[in-house]
């Protein structure tokens, strides 16, 4: 039996796409093996959102070619879409498919191997529709990701993604219901709705993001629904009110910030101000008082002064974010920001990122501490502590990691009794 291994770089959308392609290979008779083990085929799903993503993607391809010279390498994802010919010329690469035609990956590869050729199957993105990919499981045992939206047309100054992911397109609502039902039937209790620009779900159709959320929420067997990253402009009074009326919606909302400085946001071509971001966070908290608002921040955007950086520090502390993902600005050719004056030295970007990470760690500890004494539903995912101790770890709706006496797969009310850093310890409530 032929074997396949996979390696995924980047975001949850890439993880979803990899799983869909892996299932295609399995249906064709391939047996999955761990990445790094000898395999007939290795599928590498690449990322190009940062220079680091590029480097890691290329390094992984070279590693597989060096360690397994007989392995047929398939490369897909954002870097593949951007640099198809360069990747196709690399040792071991038989097929490059980018971010379309992934449903055909087995047929394309086997055709290339039969003909003894290498194939560039990267398709143009103009006019692309939503590609139907079949997923019935996920890497974990309790939570699965659903990609319901693809593409972005925001063209933020720093971001290459619109040019490699293409236009906005959405999974049809009936397909959303069907995939949610498949995953629920496979035993997944929590589904995470994601996309490249999730807030634009349904654009050009009669459906809205709330329609998709309700479709998944109301699927029999689905206990919890978590949302991927949103822009603050999507959080209207009606949106927050409707979410608050759905008991299965997890009270963690990842609102993308990027900077707490109005002038930096304008240069980034973000379509909101710090005041509008604050209003969105306050709206969510008004309807769901214990919700966690989490975010992304870029440190060292071109021209960012020390005063503007301090504005970001002050802002994230003032609105009491529950968690911050921090990224040093990564220069990308083909973006507006690449040509901007005032590029920040790498050492300074790293130092600013370090300072923000420290602040984010403290904010997360503060948020966990303030939840001590409350009772939260926890979906336990994996054993914890010493083998046989009877402890497991899982997450609350706010994405607080909790350890208590439970079994993986349990969904139970837990009283949070103490915290060690960002880990809460709890007791099952009968």
Odd one out for residue 16, checked against (1) modelled with pLDDT of 95 or more; (2) buried (at least 22 other Cβ atoms within 10 Å of the Cβ): (1)
Counted residues, region 67-90 - those being more than 25 Å from the chain's Cα centre (by Cα) and farther than 12 Å from residue 42 by Cβ: 5
Exclusive hit being touching a residue at least 60 places away in the same chain (Cβ under 8 Å), assigned by TED's automatic domain parsing to the domain that holds residue 244, closer than 22 Å to residue 244 by Cα and buried (at least 23 other Cβ atoms within 10 Å of the Cβ), set 212, 180, 223: 212
Selection within region 114-126 - closer than 25 Å to residue 59 by Cβ and not in a strand (DSSP E or B): 118, 121, 122
Every residue from region 233-246 that is without any contact (Cβ under 8 Å) to a residue 40 or more places away in the chain and not in a helix (DSSP H, G or I): 245, 246
Positions within region 281-295 being under 21 Å from the mean Cα position of the chain (by Cα) and either more than 14 Å from residue 244 (Cβ to Cβ) or free of Cβ contacts under 8 Å to residues at least 24 places away in the same chain (or both), in sequence order: 281, 292, 293, 294, 295
Top-ranked residue in region 12-29 [being free of Cβ contacts under 8 Å to residues at least 60 places away in the same chain and more than 17 Å from residue 132 (Cβ to Cβ); ranked as nearest to the chain's Cα centre (by Cα)]: 26
Selection status of residue 386, at pLDDT below 95 and out of contact with any helix residue (DSSP H, G or I) (no Cβ under 9 Å at 6 or more places or on another chain): yes
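The values are calculated or read from the model by the stated rules, or taken from the named source; none is laboratory data. All of these numbers come straight from a predicted model, not from anything done at the bench. In this analysis, Cβ positions are derived from the backbone assuming ideal geometry, glycine residues included, and neighbour counts consider all displayed protein chains.
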